[in-house]
C-alpha cells in the first residue's frame, strides 16, 4: 500500500468493493486484478495500480488477492469501518430520500437528522427545525453536512454548518460555495451529470452504436 491515490482512482474504489463483495458471496476466495479488470471492463494496469494503493498484503502472482483481505483493506481505506455522523440541511424530496436511504450504513455514514424551515414536515424524530442544527452538530460532534436546499439558500446554510463545526460538506445545490481553508466541499451537480450522459448518448448514436 503506497497511501497515495488520485481522485479518479478514489472514485473507482467503491465499485471494486461492491464487485468483490458479490464475488465473495458467490464463493470466491481469491481474485486477480486481471479478473477484476475483465469483469468491470477496465484497464488491467489501472486496476493493479488502484488495488496496490490500498492493499496491505498485496496480491500473489498465481492466486491474486485474498478476497476477504482486499475487502477489509478497501473498507478501511474508504473509512467504511469508522462510522461518521452527518446532518442534512433541507428536507424536501431529495433530502428525505437521502435521509431514508438505508445503505449509507454500509459506507460508514450515519445521518442523525435533517433540518428544515417548513413546519409542515418537521416531526419530533428525524426532521427538526433549522434553528436546532447548530446545537445538534455541536453536541454530537457532527463533521459532515449535506446541503439539499435551493441555490439561493446554500451559502447561508454552508456558513451555519461551518460555524457549527462541520468540516466536510456534500453539496447538492447547483452553486459554488465559499468555505474557509480546511473545510472540504464535494459537489454533486445533477445537471452536469445529465449533460455528460446526454452527450455520451449523442456520441453513441452518431457513431452508429445505437440504432
Give the angle, between 0 and 90 degrees and rounded to the nearest 10, that separates the Cα long axis of helix 44-54 from the longest principal axis of the Cα atoms of the chain. 60 degrees
What is the mean projected area of the alpha carbon convex hull for the stretch 1-51, to one decimal in square nanometres? 3.6 nm²
Residue 42 versus residue 93, label points 7 Å from Cα toward the beta carbon: distance in nm? 3.3 nm
Over the stretch 84-192, with a single point scatterer placed on each C-alpha, what log10 of the ratio I(q)/I(0) does the Debye formula yield at q = 0.10, 0.13, 0.15, 0.19 1/Å? -0.24, -0.41, -0.56, -0.93
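Grab the Cα-Cα distance for residue 198 and residue 126, subtract it from 0.36 nm times how many residues apart they are, and report the gain in nm with one decimal.
22.3 nm
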Nearest 10 degrees is fine. How inclined is helix 190-206 to the longest principal axis of the chain, computing both from alpha carbons? 40 degrees
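Tell me, what is the percent relative contact order of the chain, built from C-alpha pairs under 8 Å that lie six or more residues apart?
For the chain, the relative contact order is 13 percent.
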Could you calculate the FRET efficiency of residue 72 with residue 176 from 1/(1 + (r/R0)^6), where r is the beta carbon distance between them and R0 is 45 Å, rounded to 0.05? 0.75
Which order, highest average first, do 90-97, 24-31 follow once you tally other Cβ atoms within 10 Å for each residue and take the mean per peptide? 90-97, 24-31
Just check the stretch 129-211 against the gyration tensor rule for me: Cα atoms, a ≥ b ≥ c as the square roots of the eigenvalues, rounded for a/c under 1.5, and otherwise prolate or oblate depending on whether a/b exceeds b/c. prolate
Taking the chain as the reference, fit the longest principal axis to its C-alpha atoms, fit the long axis of helix 151-163 to the helix C-alpha atoms, and give the angle between the two in degrees, 0 to 90, nearest 10. 90 degrees
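Ranking request for peptides 127-134, 177-184: highest mean number of other beta-carbon atoms within 10 Å first, then the rest in descending order.
By packing density, highest mean first, the sequence is 127-134, 177-184.
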Residue 152 and residue 102 label points (each 7 Å along its Cα→Cβ direction) are spaced in nm at 3.9 nm
Sum of -39500 (n - 2.57) over DSSP H runs of 4+, divided by residues of the chain (222 nm, nearest 500): -14000 deg cm²/dmol
Translational D in µm²/s for the chain (Stokes-Einstein at 4 °C, 1.567 mPa s, Kirkwood Rh from C-alpha pairs): 66 µm²/s
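Values quoted throughout were computed directly from the atomic coordinates according to the rules given, and no laboratory measurement underlies them. Predicted, not measured: the structure shown is a model, and the values here were computed from it. Because the Cβ atoms are built from the backbone with ideal geometry, glycine has one as well, and the counts that use them run over all protein chains shown.
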